[in-house]
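What follows is a short report on a single structure.
The values are calculated or read from the model by the stated rules, or taken from the named source; none is laboratory data. Computed from a predicted model, the values in this text were never measured in an experiment. Positions of Cβ are backbone-derived with ideal geometry, glycine not excepted, and every protein chain shown enters the neighbour counts.
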Amino acid sequence: MDLGIQGRRAAVAAASRGLGYAIAGALVAEGARVAICGRRRDAIDDAAARLGHGTAAIVADVSKPEGAISFVAEACDALGGVDILVPNAGGPRPGGTADVSLDDYAIAFDLNCRSAIAMCEEVMPAMRAQRWGRVVAVTSVTVRQPLPSLVLSNVARAALTAYLKTLSRDVAADGVTVNSLLPGFHETERLAALYDAEKLADLAENVPARALGRPEDFGAFAAFLCSEHARYVTGTATPVDGGIYGGLL
């Protein structure tokens, strides 16, 4: 299926590896022009080289709004504008409510909420003016089903989801769609850092699909939401989790 985004300009945050890299790869495969960012020059240059097709490598730290804004501005300079935005960032440190401080929440909100909002605000005027745009944010299945050991992520990403839903209604008439994807357990460096091999095997066994997710499958679904075919899909927060989320809605 031709997704109809050849030549579109995409900025994918935190894409030197993991789900961000997989999304960038799926967009490149569809002929989009892509800019990616990461904190380390060597890592982001290597990722861009592997993606190929003139992928722009930008060093930026999107853990704070100012770094997020800088990334979008440099992506616009490199690509001549941004039609597709993928707000993405690593997760905050694990811990339950008794393990974190009030300051930890502020750090998590910058990382997983305010920085994504800053990226959206930076691209939205141009997207609305051209009457075409796609925002596909990467959050977490914990938005719908909080994990006791990830309270910072639970709270910050849920707040971002509320913003994205509100934004989607504000810009829908301008041809701009705003959606988010809620990954479950995928085979990424982040997951490997949180759990040892035995725990990862247990996680896979407890997923209804009986397997951890593949980043490339996640990337393909994200690319579809960026497509012409998804023009009538907006305001959604969709789990991509092998069935682990157990709620009806």
When the residues of the range 159-198 are narrowed to those that are of a type in the set (A, V, I, L, M, F, W, C) and within 27 Å of Ala211 (Cβ to Cβ), which ends up surrounded by the fewest Cβ atoms within 10 Å (Cβ to Cβ)?
Ala197
The one condition Asp196 fails out of (1) of a type outside the set (A, V, I, L, M); (2) more than 22 Å from Ala156 (Cβ to Cβ); (3) modelled with pLDDT of 90 or more is (3)
Considering only the range 194-231, state which residues are of a type outside the set (D, E, K, R) and under 14 Å from Gly242 (Cα atoms).
Leu203, Ala204, Asn206, Val207, Pro208, Ala209, Ala211, Leu212, Gly213, Pro215, Phe218, Phe221
Filter pass, Gln145 being surrounded by fewer than 17 Cβ atoms within 10 Å (Cβ to Cβ), touching a Phe, Trp or Tyr at 6+ places or on another chain (Cβ under 6 Å) and either at pLDDT 95 or above or among the polar types (S, T, N, Q) (or both)
yes
Considering only residues that are in contact with a Leu (Cβ under 8 Å, 6 or more places away or on another chain) and surrounded by fewer than 21 Cβ atoms within 10 Å (Cβ to Cβ), which ones fall in the range 108-124?
Ile117, Met124
Does Thr161 satisfy the criteria of being in contact with a helix residue (DSSP H, G or I) (Cβ under 9 Å, 6 or more places away or on another chain), assigned to a strand (DSSP E or B), modelled with pLDDT of 95 or more and within 22 Å of Phe224 (Cα to Cα)?
no
Failed item in (1) among the β-branched types (Val, Ile, Thr); (2) farther than 23 Å from Asn112 by Cα; (3) in contact with a Ser or Thr (Cβ under 7 Å, 6 or more places away or on another chain), with Val207 passing the rest:
(3)
Any residue at all in the range 222-230 that is modelled with pLDDT of 90 or more, at positive phi and among the small types (Gly, Ala, Ser)?
no
Starting from residues that are crowded, with 24+ Cβ neighbours inside 10 Å and among the β-branched types (Val, Ile, Thr), keep the ones in the range 24-43 and report whichever is nearest to Arg9 (Cα to Cα).
Val34
I'd like to verify a number: residues in the range 202-249 that are of a type in the set (A, V, I, L, M, F, W, C) and farther than 21 Å from Thr142 by Cβ, how many?
6
